[in-house]
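Asks: Please find one structure pasted underneath; my questions will follow.
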Amino acid sequence: MVLIVILAYPLSASAADLTDIPNANNVQENVAEAIDIADNKLVVADKGISTRAVSGTYPTRKGVILSTPTNASLGGATFVGHSAIIYNSSTVVESLSKGVTTGSNNWNSVKTKCYGVTVKNTTTSQDAKAADWCHGKIGCPYNYNFLNVATRSKFYCSQLIWAAFWDLYGIDLNANTLGKIITPMELVNSDNSSVIYRKE
């Protein structure tokens, strides 16, 4: 069975918390700009691969990050987009509304648009350990407070992946489009990541 999930993220934050978000009145504009940046990033070869297709080759390597675009507004509005980390050629680790779980590594066929991302200053072995870190969080509940990225007892999808690389290696994958909120596009647009695959 193939499960296609589009998450609607309710923003659980007080009005005071929103001051942590740069240009909160222009969130939709910021998100559109983030997608434009991602669409114009050069697609590079994955680690250890010398050649690449123009759009890259769909990744199956453990520790590669997958993201779909974010479409957001604010003030009770909805954040849509999703991220996962590849665990093996057929499985990803992701956080859905039911919490951290596994899913199918078939985004190239079930997602309209997606990006495959690798972290620049890690080895493939370190990427695999990040996937193991995320896998170790299976069963943790979903984090509905997007501004609370410090918690390690619950996770939203892109926070889970960000936390793995931050906790293990001190690598910050937050591109800071929305301040503390780590959307799927932060992982794509971070100065610490490279796009190795893009389905448009």
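The values are calculated or read from the model by the stated rules, or taken from the named source; none is laboratory data. Everything numeric in this text was worked out from a predicted model, so none of it was measured. Every residue, glycine among them, receives a Cβ derived from its backbone with ideal geometry; neighbour counts consider all protein chains shown. Accessible surface areas use protein heavy atoms only, side chains included; no ligands, DNA or RNA. Shrake-Rupley method; radii C 1.70, N 1.55, O 1.52, S 1.80 Å.
Asks: Tell me, what is the 1.4 Å probe accessible area of Ser89, in Å² to the nearest 10?
Replies: About 80 Å², rounded to the nearest 10.
Asks: Right, something else. Between Thr102 and Glu33, with labels modelled 7 Å along Cα→Cβ, what's the label distance in nm to one decimal, could you check?
Replies: Each label point lies 7 Å from its Cα, and together they span 4.1 nm.
Asks: Would you mind getting the Kirkwood hydrodynamic radius of region 85-200 from its Cα pairs, rounded to one decimal in Å?
Replies: Values: mean 1/r = 0.0702 Å⁻¹.
About 14.2 Å for region 85-200.
Asks: Can you give the net charge of the other residues whose Cβ lies under 13 Å from the Cβ of Ala163, counting K and R as +1 and D and E as -1?
Replies: +1
Asks: Sort 122-128, 189-195 for me by packing, meaning the mean count of neighbouring Cβ atoms within 10 Å per residue, highest on top.
Replies: 189-195, 122-128
Asks: Provide, in order from the shortest bin, the percent of all Cα-Cα pairs of region 139-181 in each 10 Å bin, continuing until the bin that contains the maximum pair distance.
Replies: Pairs per bin, as whole percents: 30, 59, 11.
Asks: Next up: Can you give the accessible area per residue of region 130-173, in Å², using a 1.4 Å probe?
Replies: With all protein chains present, region 130-173 gives 36 Å² per residue.
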